[in-house]
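**Student:** This is the structure, below, for whatever I ask next.
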Amino acid sequence: MVARDRATDATQREVAAAWATAIEAAGLPLAGSDGQRGRSRIAFGAPLPVGMTAERELIDVVLVDRWPVWRVREALIPHLPEGWRLIDVVDVWLGGPPLAGRVAAADYRIELGEVEDVVALQRAASELNDARRIPRQRLKGGVTVDYDLRPLLVEVAVDPGPPPIVRTRTRFEPELGTGRPEEVVGALADRLGAPLATRSIVRERLLLDEDVR
């Protein structure tokens with residue numbers, strides 16, 4: 001539905017509050033706090049980490065009256081939260097599954113700092129794609145745990161640049177968690193045998209179940 005043009009320090013709760021204010025200011029017949037059929041009145045496809053820019057994000061908005069798409073668009077555009085643009089509005093079936101449960105993967109664009117050997121970095125990306133296991137560690141509940149990044153990584157590639165750009169698609173798994181772009185960079189650095197500096201991370205889009213079959 002929308003895209004955020006630049007990274008901010010706003011939390012997900014603050015972003016949701018800004019969208020609620022914008023929708024109410026637009027006069028859209030937003031559902032009450034309980035929504036309809038147990039659905040939240042405003043639901044994001046997936047949480048966005050603080051400081052990350054997003055493109056083509058997905059937001060599920062529940063209205064109590066059915067408005068035509070053109071009317072929703074015209075009412076909302078003048079009241080969009082700062083830094084956001086409206087890309088599209090889609091009328092979806094209210095009885096369908098919640099948006100968050102349908103998100104299966106995400107595409108990221110990661111701009112790196114200076115890389116001494118880009119060819120070696122591209123080779124490291126190819127090795128990750130071919131690897132059967134990618135051992136990593138992450139903090140969970142204040143404890144460092146071992147996990148395998150391989151089931152969460154769909155693919156990774158490197159555009160030589162300059163600047164070099166890592167493009168990766170990672171999965172959202174209910175049991176295994178989410179493939180984090182910074183972990184992909186960490187795995188590349190391990191393969192390369194040298195640290196990699198990240199300048200920016202952009203979540204280019206969220207993909208639903210039907211997009212990755």
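Read-outs throughout are calculated quantities, based only on the coordinates presented, and are distinct from any laboratory measurement. Quick caveat, the model's predicted, so the values are computed rather than measured. Please note: Cβ atoms are built from the backbone with ideal geometry, for glycine as well, and neighbour counts cover all protein chains shown.
**Student:** In which sequence would Asp91, Asp159 go, from the one with the fewest C-beta neighbours within 10 Å to the one with the most?
**Tutor:** Ascending number of Cβ neighbours within 10 Å: Asp91, Asp159.
**Student:** Relative to the compact-globule scaling 2.2 N^0.38 Å, provide the ratio for the alpha-carbon radius of gyration of region 53-107.
**Tutor:** Cα-based Rg divided by the globular estimate yields 1.26.
**Student:** On to the next question. What is the ratio of the Cα radius of gyration of region 2-96 to 2.2 N^0.38 Å, where N is its residue count, to two decimals?
**Tutor:** Compared with the compact-globule rule of thumb, region 2-96 sits at 1.04.
**Student:** Can you list, largest first and rounded to whole Å, the semi-axes you get for region 129-213 by taking the square root of 5 times each eigenvalue of its Cα gyration tensor?
**Tutor:** 20, 18, 13
**Student:** For every other residue with a beta carbon closer than 12 angstrom to the beta carbon of Gly177, add +1 if it is Lys or Arg and -1 if Asp or Glu, then tell me the sum.
**Tutor:** Local charge sum for Gly177: +1.
**Student:** ³J(HN,Hα) across region 171-183 via Karplus (A = 6.51, B = -1.76, C = 1.60, θ = phi - 60°), whole Hz, x for Gly/Pro?
**Tutor:** My calculation for region 171-183 gives 9, 10, 10, x, 9, 8, x, 10, x, 8, x, 5, 6 Hz in order.
**Student:** Using the 10 angstrom Cβ neighbour count as an exposure proxy, how do Tyr108, Tyr147 rank, fewest first?
**Tutor:** Lowest to highest Cβ neighbour count: Tyr147, Tyr108.
**Student:** So what are the ³J(HN,Hα) numbers for region 70-76, from phi and the Karplus equation (6.51, -1.76, 1.60; θ = phi - 60°), rounded to whole Hz, Gly and Pro as x?
**Tutor:** Here the 3J(HN,Hα) series is 4, 5, 4, 4, 5, 6, 7 Hz.
**Student:** What number do you get for region 94-150 when its Cα radius of gyration is normalised by 2.2 N^0.38 Å, N = residues?
**Tutor:** For region 94-150, the normalised Cα radius of gyration comes out at 1.66.
**Student:** Shifting gears a bit: Over all directions, how big on average is the projection of the convex hull of the alpha-carbon atoms in the chain, in square nanometres?
**Tutor:** Its Cα hull, projected and averaged over all orientations, spans 13.2 nm².
**Student:** Another question, if that's okay. Relative to the longest principal Cα axis of the chain, at what angle does helix 118-130 sit, 0 to 90 degrees, rounded to 10?
**Tutor:** Compared with the principal axis, the helix lies near 70 degrees.
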